[in-house]
Amino acid sequence: MKDFNYHSAKDSKEASKLASSSSAFLAGGMTTIPSMKLGLATYKDLIDIKNIKKLSGIKVSGKSVTIGAATKHVEVSNSKDVKKAIPSLSSLAEGIGDPQVRNRGTIGGSIANNDPSADYPSACIALNATIHTNERKIEAAKFFKGMFETALKKGELIEAIEFQIPEKSSYQKHPNPASRYAIVGVYVAKHKGDVNVAVTGAKSCVYNDKEMSKALTGNFSSSSIDGMDLDSSEMNSDMHASADFRASLVVTQAKKAVDAC
Amino acid sequence: MASLVGSRVERKEDKRFLTGKGRYTADINLANQTYAIFVRSPHARAYIKKLNIDKALKSSGVVSILTGKEIADDKIGGLIAGWAIRSEDGTEMKCPGNPPLAKDNVNFVGDPVAVVIAESLAEAKEAAEKVEVDYKVLKAVTSTADAMNGDTIHEGIDKNLCFDWLLGDRQKVKEAFDKADKVISIDIINNRLIPNAMEPRACVADYNAASEEITLYTTSQNPHLSRLIMSAFGNVAPEHKLRVVAPDVGGGFGSKINVYNEDIVCSWAAKKINRAIKWVAERSESFLTDIHGRDHVTHAELAVTKDGKFLGFKNETIANLGAYARVFGTVTPTYLFGPCATGVYEIPAAYTNVKAVYTNTAPVDAYRGAGRPEATYTIERLVEKASMELGIDKTELRIKNFPTAFPFKQTLVHTVDSGDYVAGMEKAKQMADYKGFEARRKESEAKGKLRGIGVTSYFEACGIAPSAAVMSLGCGVGLWESAEVRFNPTGQVTVYTGSHSHGQSHQTTFAQIAADELGVPIENIDIVHGDTDKGTFGMGTYGSRSLAVGGIAIVNACKKIVEKGKRVTAKMLEANPEDVEFKDGEFIVSKSNKKKTIGEVAFACYLPGVRDEMKSPLPEGDEPGLKETSFYDPSNFSFPAGTHIAEVEIDPETGHVKLEKYTACDDFGRIINPMVVEGQVHGGLAQGIGQALYENAEYDETGQLMTGSYMDYTMPRADNFPEFNIGYTCTHATTNPLGVKGCGEAGAIAAPPTVMNAVIDALGGQEVTMPATAEKVWKACKNLKKSNAKAA
């Protein structure tokens, strides 16, 4: 690993001020540190944000659950409030990585990184999340731009993620047997007016599968999507799963999720 | 005194391992040490046009940079194949040179071309990035099946063929096949695996200019053998000026048998720069450069009568050696494979033909089971297919062809001294509730799932001795084992063993054996291994040989101690040596109440005199001291055997295979410590099931390793396994005094065909290659649905 300067910011303002074209924010470091260790990324400055008190914690109101960006996965999975308001979000957090990752990794880090097979982005899409940054509020649908790409500008820092509480929801994933990342993960959420089916792992970026969302909005039963033949042309293909297999898994996991709701 | 052999004695080594006090090679730091980083080829096959170290030499902290040129100039030898194999046509195998640092050509991704030695690890890494290597990239050969049609990798080795070996009689086999009612044939791939020891390889080399001695601390399964190879072939130093220490070693599975490039380079370079050098592999280096295992492509046939008697067996295999032939690289796909390929069956005629090929991939060598998993996979997949095609129950078909008497003269090489395969099968069936399977299959079907059951009956040849036998087959060394048992004057015992423990619990099991033999409390016995400066020359640990060979050497040395003790007691007590009996640590003169404890005898041996009397307790001809050595060379291999049964449930929608039940019923002969054996069985099963369902080393067509990290190489985890159902039958080996057979590899040998037979059973007989990943199984499920629809 190349040498770098370490900064611990006391508030968002300081963190933002320290940011430059050769810096990165550091929360859990679950992606940043291994990338640096492997020489895939180099930064002159790492700006640690996990000591910024305001960025941690969970708040539940009648309609939403708001989670601070530096909140660890283990805190989300253990939170009684989250379990009560959105149990699927709690179990999603419980299924990320391994205990070591869950004890350090943060929700903000996961979303800012926007790994195509990360779990949290699907929750953001399915649960109509709003991403609160130090500058603005961004709707989840406009936040995830592409592979490892988000709407965040340089120096912009996620402060919290606000999830809309659905009537019912479930997240089901088919993990990569080696990394346990999602080969396909499907988050189904039934809101008052409509149903969202958010898919991670299948394409270069998380997305809302309109076809399944529509079918389930019409009839919230796994039979309404059973046998659906999804277009696999844009799906990822690698040694662990071909595009066709992924397309099939999206439907299978969506059905499982609906049945689990 | 109760016997310790057979009891669950807690592991003596756990105190240090569980409290973080183990001392591994990477824990060793020497004064004024430097750090090495190896510059490795990023290409699978290339010619080195130019190598420029000028910039790197100027990098901060650099002490030295050495390349293939210096190592050649100093006449340091290369890495070697330990077994010479002869082709069917009588010609000797063809092995390329394998210099520790490549000079002209690189032949796999990770092949080292230079070593950078610096004051710190960070500086060494930084400088290594500045070494400029200009490669002319050549077309790589990566496919096992097509290697013989690829470009010639090593000059003078046509078709990339190391040897084309035959064991058995083609004519007899032809005659047997001519008489057959039916021929079952199969095309299978034994997938390539990466051993993944928990501790990556490492070495620390030190040079003492005053004594001109090199000391190498290294992650080895066999330090004496490493010293011999480094001295005799590597030309690093004469054996008496080279000390090899393998301290605590965190798993080997065969991958740490070899002397590796880094061992030779660091030892040689430490002398050159007159400073200690430390090198610790990063995990990605382990993936790329540790030896890999398996990698066979096989076509096999079984000739049968319509009522299920086996008549003949054919096995045509292409085995991938990787870029170079290493220590056990050539014997693994031949004498460790061919003789076992006819399995536990009486088959009158058989042959195995192996074409061993070079490819531009990491060298392939012995990995847990070495040859025997490949053999067992071949015959047991065939037998299972025969049971489907003949419509005979898979267990009945096996029993029908089991030998009826022991010793069992196996078709090709081995005479199996002992066993009871029918008893093993019956017990396994009972343990697995084989009868209840159909009901469980129906329950699974009701849930929309597919359920399958698979059986394997195996035997294996382990111990890998006697020396005369292995040397007659081409082994470069004798594979006996040594032990030295030393009493202290005050009665404690140190046992020096030539075996090496890298997870096998020798500190406990060997102490149990010595405690029983000598009647000394186990806490007064220390087991010492892993240092060429301590104890006698030893051959090391691999091939499940520690107990069946190394353990017996300890028994024999202890027996010599007891014999001397009898003589000394007789002299002290004025009795005939023939009248002295030894029991529970006491030498008793029969028909008298006169006795001496072994502690008193040891004391007398070291202090052989009495005040005011001219009197010695030592009989004439006996020297003072109490220390005995044994070099034990067994009369035969040892032959563990057993039957394993697996049950899987498949979700046809996702292709997910869930291993529901796994039953292992093994015959390991006498068991020294059941807890340790369970650990060995569990570990072997994890690796065997890993091969069947998860693990796979994959190269792309340019020779890049696609599974070079845990992100892509699926190491099985605890949650992939059910609770293992383990049981034993026991027939004692007749070829050694303890009646032991060896248990280290059984799980890895039996599990792959057991699990795959279950998967294929669930899939209605459709072939799936290992590992049975979700996608492959999903596709097979779709085919099954189609063919079922057609049938309906």
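The values are calculated or read from the model by the stated rules, or taken from the named source; none is laboratory data. Predicted model only: the values in this text are computed from it and were never measured. So basically every Cβ, Gly included, is an ideal-geometry build from the backbone, and we count neighbours across all protein chains shown.
Under the condition of being in contact with a helix residue (DSSP H, G or I) (Cβ under 6 Å, 6 or more places away or on another chain), away from chain A (no Cβ under 14 Å) and within 17 Å of B:Glu647 (Cα to Cα), the residues counted in region B:749-785 number 11. From the list A:Leu249, A:Leu216, the one residue that fits, being more than 14 Å from chain B (Cβ to nearest Cβ) and modelled with pLDDT of 95 or more, is A:Leu216. When region B:301-333 is filtered for residues that are acidic (Asp, Glu) and not in a loop (DSSP other than H, G, I, E, B), the ones remaining, listed by number, are B:Glu301, B:Glu316. For B:Val244, the stated conditions hold: it is outside the structural domain of B:Thr352 (by TED's automatic domain parsing) and in contact with a helix residue (DSSP H, G or I) (Cβ under 6 Å, 6 or more places away or on another chain).
Screening the candidates B:Ala686, B:Ala692, B:Ala733, B:Ala664 for the property of being within 21 Å of the chain's Cα centre (by Cα), within 14 Å of chain A (Cβ to nearest Cβ) and either part of a loop (DSSP other than H, G, I, E, B) or not β-branched (Val, Ile, Thr) (or both) yields one hit, B:Ala692. Only a single criterion out of (1) within 11 Å of chain A (Cβ to nearest Cβ); (2) in contact (Cβ under 8 Å) with a residue 60 or more places away in the chain; (3) out of contact with any strand residue (DSSP E or B) (no Cβ under 8 Å at 6 or more places or on another chain); (4) in a helix (DSSP H, G or I) is not satisfied by B:Asp719, namely (2). Checking every residue in region B:162-185 against the condition of being closer than 24 Å to B:Lys103 by Cα, of a type in the set (Val, Ile, Thr) and touching a residue at least 24 places away in the same chain (Cβ under 8 Å) gives zero matches.
When each of B:Thr494, B:Thr536 is tested for being surrounded by fewer than 23 Cβ atoms within 10 Å (Cβ to Cβ) and more than 30 Å from B:Val331 (Cα to Cα), the lone residue that passes is B:Thr494.
The condition of being assigned to a strand (DSSP E or B) and away from every other protein chain (no Cβ under 14 Å) holds for only one of B:Asn725, B:Asn788, that being B:Asn725. Residue pairs whose Cβ atoms lie under 6 Å apart, sitting 6 or more positions apart in sequence or on different chains, and linking a residue in region B:248-262 that is under 16 Å from B:Tyr324 (Cα atoms) to a partner that is of a type outside the set (Asp, Glu) and assigned to a helix (DSSP H, G or I), are B:Val259/B:Ser226; B:Val259/B:Ile229; B:Val259/B:Met230.
Go through A:Val251, A:Val195, A:Val186 for me and flag whichever is β-branched (Val, Ile, Thr), within 26 Å of A:Val101 (Cα to Cα) and not assigned by TED's automatic domain parsing to the domain that holds A:Glu94.
A:Val186
Of the strands (runs of 3 or more DSSP E) lying entirely inside region B:135-223, those containing at least 2 residues that are closer than 28 Å to B:Val265 by Cβ span B:202-208, B:213-218.
Checked against the criterion of being at pLDDT below 95, of a type in the set (Val, Ile, Thr) and not assigned by TED's automatic domain parsing to the domain that holds B:Gly739, region B:564-585 contains not a single residue that satisfies it.
Residue-by-condition table, conditions (1) within 14 Å of chain B (Cβ to nearest Cβ); (2) part of a helix (DSSP H, G or I):
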| residue | (1), (2) |
| --- | --- |
| A:Val188 | no, no |
| A:Val199 | no, no |
| A:Ser204 | no, no |
| A:Met212 | no, yes |
| A:Ser233 | no, no |
| A:Asn236 | yes, no |
| A:Gln253 | yes, yes |
| A:Ala257 | yes, yes |
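The residues listed here are B:Lys55, B:Lys12; of these, the one that is in a loop (DSSP other than H, G, I, E, B) and in contact (Cβ under 8 Å) with a residue 40 or more places away in the chain is B:Lys12. Here B:Thr729 fulfils each of the conditions (1) crowded, with 22+ Cβ neighbours inside 10 Å; (2) within 30 Å of B:Ile399 (Cα to Cα); (3) not acidic (Asp, Glu) apart from (1).
Tallying residues that are at pLDDT 95 or above and in contact with an Asp or Glu (Cβ under 8 Å, 6 or more places away or on another chain) within region A:32-55 yields 2. Note on region B:381-395: residues that are surrounded by fewer than 16 Cβ atoms within 10 Å (Cβ to Cβ) and in contact (Cβ under 8 Å) with a residue 60 or more places away in the chain total 1. Within region A:206-221, the set of residues being touching an Asp or Glu at 6+ places or on another chain (Cβ under 8 Å) and surrounded by 20 or more Cβ atoms within 10 Å (Cβ to Cβ) comprises just one member, A:Ser213.
Within region B:324-344, is there a residue that is more than 20 Å from the chain's Cα centre (by Cα), crowded, with 24+ Cβ neighbours inside 10 Å and either under 24 Å from B:Gly684 (Cβ atoms) or among the aliphatic types (A, V, I, L, M) (or both)? Yes, the conditions are met somewhere in region B:324-344. Looking at B:Gly744, is it more than 26 Å from B:Asp393 (Cα to Cα), within 14 Å of chain A (Cβ to nearest Cβ) and not in a strand (DSSP E or B)? Against the criterion (more than 26 Å from B:Asp393 (Cα to Cα), within 14 Å of chain A (Cβ to nearest Cβ) and not in a strand (DSSP E or B)), B:Gly744 does not qualify.
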